[in-house]
Amino acid sequence: TEDQTQISLQKNILCNLELIVLGSTPFLAVSTFEQLFDNFSIDTGKLVKLLENLGESVQEHLVFHNWSVTHISFFAARQILSLAGGEPKFLQSFLSHTRSSGAYIDVAEFRIPDPQ
């Protein structure tokens, strides 16, 4: 049925999220949004301004590789989803309920190893 297909799609997205953890903060790959939304691209300037307007420290929410944002904090991801009308709700719920210290998921396997 259509509901089963939708649930399967949601499960597939959640099971294949690309996450990294820096310190104790999980970050979600920007590519997640590229899978969910047609023609998605991050306007880094607007995202930085949004975070600053919310009183947030930008460097705590964005991970750059070269000059591109590759990963964003769950907080920043929730802001992007809010701008999209809170959709998709399953991802909004996941990001709202996941804690880096482990009530819902153990993010230890995603930690970037400390260089020795």
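Read the figures in this text as sums done on the coordinates, not as results from a lab. Everything numeric in this text was worked out from a predicted model, so none of it was measured. Every residue, glycine among them, receives a Cβ derived from its backbone with ideal geometry; neighbour counts consider all protein chains shown.
Within 10 Å, count the other beta carbons around each residue, average over each peptide in 4-17, 69-82, and list them highest first. Please list the in-between numbers first.
Values: 4-17: 11.6, 69-82: 19.1.
The most tightly packed comes first, giving 69-82, 4-17.
Express the Stokes-Einstein translational diffusion coefficient of the range 1-65 in µm² s⁻¹, to the nearest whole number, given a Kirkwood radius over alpha-carbon pairs, 20 °C and a viscosity of 1.002 mPa s.
Working: Rh = 14.0 Å.
The diffusion coefficient I find is 153 µm²/s.
Rounded to whole Hz and in sequence order, give me ³J(HN,Hα) for the range 23-33 from the Karplus expression 6.51 cos²θ - 1.76 cosθ + 1.60, θ = phi - 60°, writing x for Gly and Pro.
x, 10, 9, x, 10, 9, 5, 4, 4, 4, 5
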